[in-house]
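Notes to accompany the following structure.
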Amino acid sequence: MAFILSSPAFPHHGKIPAKYTCDGDDVSPPLTWSNPPRGTQSFALIVDDPDAPDPRAPKMTWVHWLLYNLPPDSTELPEGITQLPAGTKEGVNDWKRTGYGGPCPPIGEHRYFFKLYALDTVLPDLGHPTKRQLEQAMEKHVLAETTLIGTYSRSR
């Protein structure tokens, strides 16, 4: 069976409801996963937007949320999570803060990649790493990766 990440709030390649964006409550969507590979010691989550600022001429990937050292027996993050699972650490997003920052595209429809990594180790305490620092720490420790993609465009 495949390692799968999903959300009851939106289907893969579906529209992210406004509730989870800057146009709504800006709370994190519920996420669930199943079938991690044998030997998984922790999970890491990276949520980013490769279409910033304009999907017709992207210039950067905007980071919305970074989590690492999610416990190996965890299977979900509830909607609007405020209390992370024991041992879970947070990185800094591109707003220079920890926590979830929802979609808020300045123009066009953007894609949001929710990437969950199964790791063969618990990472050392990295403080509040950037995406690059987290990816460097994960190198050679990724057993599997699963991605859920959602889309969003603002109605003005």
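The values are calculated or read from the model by the stated rules, or taken from the named source; none is laboratory data. Bear in mind the structure is a predicted one, so any value in this text is a computation, not a measurement. Note that each Cβ is placed from the backbone with ideal geometry, even for glycine, and that neighbours are counted across all protein chains shown.
Just a few scattered comments:
- Residue match in the stretch 69-76 (condition: part of a strand (DSSP E or B) and either touching an Asp or Glu at 6+ places or on another chain (Cβ under 8 Å) or among the hydrophobic types (A, V, I, L, M, F, W, C) (or both)): yes
- Only one of T147, T88 that is among the hydroxyl-bearing types (S, T, Y), modelled with pLDDT of 95 or more, out of contact with any Asp or Glu (no Cβ under 9 Å at 6 or more places or on another chain) and crowded, with 16+ Cβ neighbours inside 10 Å: T88
- Residue in the stretch 100-109 that is in contact with a Gly (Cβ under 8 Å, 6 or more places away or on another chain), at pLDDT 95 or above, among the aromatic types (F, W, Y) and under 19 Å from D23 (Cα atoms) present: no
- Matching option when the condition is under 21 Å from L5 (Cβ atoms) and out of contact with any helix residue (DSSP H, G or I) (no Cβ under 6 Å at 6 or more places or on another chain), among P124, P103, P53: P103
- Enumeration of residues in the stretch 112-156 that are touching a strand residue (DSSP E or B) at 6+ places or on another chain (Cβ under 6 Å) and among the polar types (S, T, N, Q): T146, T147, T151
- Restricting attention to the stretch 110-132, the residues being under 22 Å from R97 (Cβ atoms) and either polar (S, T, N, Q) or at pLDDT below 95 (or both) number 1.
- Test for E109: is it charged (D, E, K, R) and under 22 Å from T40 (Cβ atoms): no
- Positions within the stretch 62-73 being within 15 Å of the chain's Cα centre (by Cα) and without any contact (Cβ under 8 Å) to a residue 60 or more places away in the chain, in sequence order: W62, H64, W65, L67, N69, L70
- Among the residues making up the stretch 1-48, those that are surrounded by fewer than 17 Cβ atoms within 10 Å (Cβ to Cβ), in contact with a helix residue (DSSP H, G or I) (Cβ under 8 Å, 6 or more places away or on another chain) and farther than 16 Å from Y112 by Cα are G24, D25.
For every residue, the table says whether it meets (1) on the phi > 0 side of the Ramachandran plot; (2) in a loop (DSSP other than H, G, I, E, B); (3) of a type in the set (K, R).
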{"residue": "K19", "(1), (2), (3)": "no, no, yes"}
{"residue": "C22", "(1), (2), (3)": "no, yes, no"}
{"residue": "P29", "(1), (2), (3)": "no, yes, no"}
{"residue": "W33", "(1), (2), (3)": "no, no, no"}
{"residue": "P36", "(1), (2), (3)": "no, yes, no"}
{"residue": "F43", "(1), (2), (3)": "no, no, no"}
{"residue": "P50", "(1), (2), (3)": "no, no, no"}
{"residue": "T61", "(1), (2), (3)": "no, no, no"}
{"residue": "W65", "(1), (2), (3)": "no, no, no"}
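Okay, residues lined up against (1) of a type outside the set (A, V, I, L, M); (2) in contact with an Asp or Glu (Cβ under 6 Å, 6 or more places away or on another chain); (3) loosely packed, with under 15 Cβ neighbours inside 10 Å; (4) in a loop (DSSP other than H, G, I, E, B):
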| position | (1), (2), (3), (4) |
| --- | --- |
| L84 | no, no, no, yes |
| V92 | no, no, no, yes |
| K96 | yes, no, yes, yes |
| G99 | yes, no, no, yes |
| G102 | yes, yes, no, yes |
| P106 | yes, no, yes, yes |
| F113 | yes, yes, no, no |
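- Set side by side, the residues T146, T121 differ, and just one is part of a strand (DSSP E or B) and of a type in the set (V, I, T), which is T146.
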